[in-house]
1. With an 8 Å Cα cut-off and a minimum separation of 6 or more residues, compute the relative contact order for segment 199-270 in percent.
2. Out of residues 5 or more away from Leu570 or on other chains, whose amide H comes under 5 Å of its own, with H placed 1.01 Å from N in the peptide plane?
3. To the nearest 20 debye, what is the magnitude of the charge dipole of the chain about its Cα centre, counting +1 on the Cβ of each Lys and Arg and -1 on the Cβ of each Asp and Glu?
4. Taking segment 153-252, which GluC sites (Glu not before Pro) meet the DSSP loop condition and have no more than 14 other C-beta atoms within 10 Å?
5. Give me the one-decimal nm value for the distance between modelled label points at Asp61 and Ser281, 7 Å along each residue's Cα-to-Cβ direction.
6. Work out the length of the dipole vector of segment 277-379 about its Cα centre, built from +1 on the beta-carbon of each Lys and Arg and -1 on the beta-carbon of each Asp and Glu, and round it to the nearest 20 debye.
7. What are the principal axis extents of the Cα atoms in segment 209-277, in Å, biggest first?
8. Compute the relative contact order of segment 419-575 as a whole-number percentage, counting only Cα pairs closer than 8 Å that sit 6 or more residues apart in sequence.
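What follows draws every value from the coordinates through simple rules; no lab data is involved. Source: prediction; values computed, not measured. Neighbour counts run over all protein chains shown; Cβ positions are idealised from the backbone, glycine included.
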Amino acid sequence: MRSHVARVYYKKILLILFFLSQLPFTVSLAADWVPGKKKPKLVLQITVDQLRGDLPTRYYDRLQDGGFKYLWEKGVVYSNAHHAHAHTETIVGHVTLATGAHPSIHGMIGNLWFDREVGRIVYSIEDPDYRLLTSGADVDDKTEIDSAQRAARGDGRSPAAILVTTFSDELKSHTGGKAKVFGVSVKDRGAVSMAGHAGKAFWFSKASGEFVTSNYYYDKYPQWVIDWNDKKLVQRYSEKSWQLLHDNKNYLFGDSDDRAWETDLAGFGRVFPHPYGKSDSKYYMTLLTIGPVGDELTLDFAKTLLVEEKLGEDEIIDYLSISFSSTDHVGHIFGPSSLEAEDNILRLDHTLAELFKFIDKQVGLKNTLIVLSADHGGADSPGYRNSLNIPAGYIQPDSWDKDAAISRLKKQFKIKGKLLEKYARPYLYLSKEVINNKKINQQALEAAVVKELSAFPGISLAVSSTALQQGNVPDTPLYRSVLNNFYSKRSGDIYVVFEPNWFINDYEGLTVAATHGSPWRYDTFVPVVFAGAGLKPQRIYREIQTVDVATTLSAFVGIMQPSGARGQILQEVVR
């Protein structure tokens, strides 16, 4: 009986195997490059600063062919992509895209952090060992704008503080150092982060009106950089102004040009046209970067670099990162929902179309793998949200130390001096006296401060760093995003999360209309689009994370992932 049952069972198995053998059989090499497959000649990574995920399609009816539309109609579009860390700032997002790692691993927890060893705020990519090649060409012009931040930064730059490798580092290593790797941006941190440790970076100096670099990358400028700077393209905007591309009636915000909550910086005004002033005026270079001119200069420099450095001209894969910064500056000064932000997106669309046309001519879009994303999104200004009856507002951390709750804690823990040393967004630092006082239970004090802060108006969550270090926090998306941002050697004592639509209206010393830096969706939501290199158009709606970008790039070209990478490989791109 049992032998008969066994024969029937085996016959069924053989029948199943027979039918399976008749099916089309494919092997997905999602995590590996297929030998014999044609590799791209160039990887072009575009990062648009503060490009919230909805902005490219918000004005889609007025976009031209070949720019955003090329990506959205010809590429693999991930419509639900988010940063998974809580502090959504420029350096944090750029390095996350470059490394495939969270800030808890790559170490860049913010544009700035308070360094207790030196007793001051430090800038993420400052490095006194590597001076700028152009004397006096620090990033900022020598005005009161950003003066406090400039004093902290100094004028040396390098990627030394990035604790893991980037995709571009691994590409350079994989090719025996033969791959050409470059990062270009108006912002120094936008260029340095993507070029990694092994590439070369150039950024715009508002002090000199030139693209500059440090002696980490070069002993002297290549001749083509000298020639480009000698053209003095910044002079062409002297006594001109930022004009609207179209008539007001063709804009969503065409009837909302003058809004009280927008920032009038140095006579730039709140309404069109926005005058740049004379080229020798105090704020000229700053005003150029607040509008679309910053992106136009970046594009021109990047095009020259691509030709002069012969990117994509041989069989070794090269890498070019272009970080466009104007969207961020416009968003801060006027808010993402403004006529200025709308016109800037349309102008950025023209810039992208010109870039892609140039790439197609020089290298071929079919030979170029393009990925576009953003370092973070951005909140709408409280004035705009309030006009729609949505609660929003600004917070003043300077008042915290004077609150009665903090006075009670000082009495409870017998603290005679300061309790709070500094708030360096997003971290609150306890005073040096408190940290060094062995009689005070640090964990208990942090917990007490957390409890009091959580009751302050505008604060949604406060998290003790001791609790983060011990893993003693709830396993929720919000706490996980805070944990992803925690690196003990640089993070402060307490992480502070504001309520949605509440934030500090300060951006590097300026009072601004809007900013970013939260774990809320408007700040984490960014586009992720891969295009070119033979990819077929797809629209994907499942949620992905920005750490997936570097791992996917590595899989596509068949190299090792960056050393700290934690992202998933996006199979729609590599199949």
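1. Values: 31 pairs, mean separation 11.5, N = 72.
Reported as a whole number, the value is 16 percent.
2. Thr552
3. Numbers: 66 positive and 67 negative charges, 470 e Å.
Dipole of the chain, to the nearest 20 debye: 2260 debye.
4. Numbers: sites: Glu170, Glu210, Glu239; in loops: Glu239.
Hits after loop and neighbour filter: Glu239.
5. About 3.6 nm separates the two model spin labels.
6. Numbers: 8 positive and 18 negative charges, 42 e Å.
Roughly 200 debye, rounded to the nearest 20.
7. Largest first, segment 209-277 extends 52, 23, 23 Å along its Cα principal axes.
8. Values: 159 pairs, mean separation 25.9, N = 157.
That works out to 16 percent.
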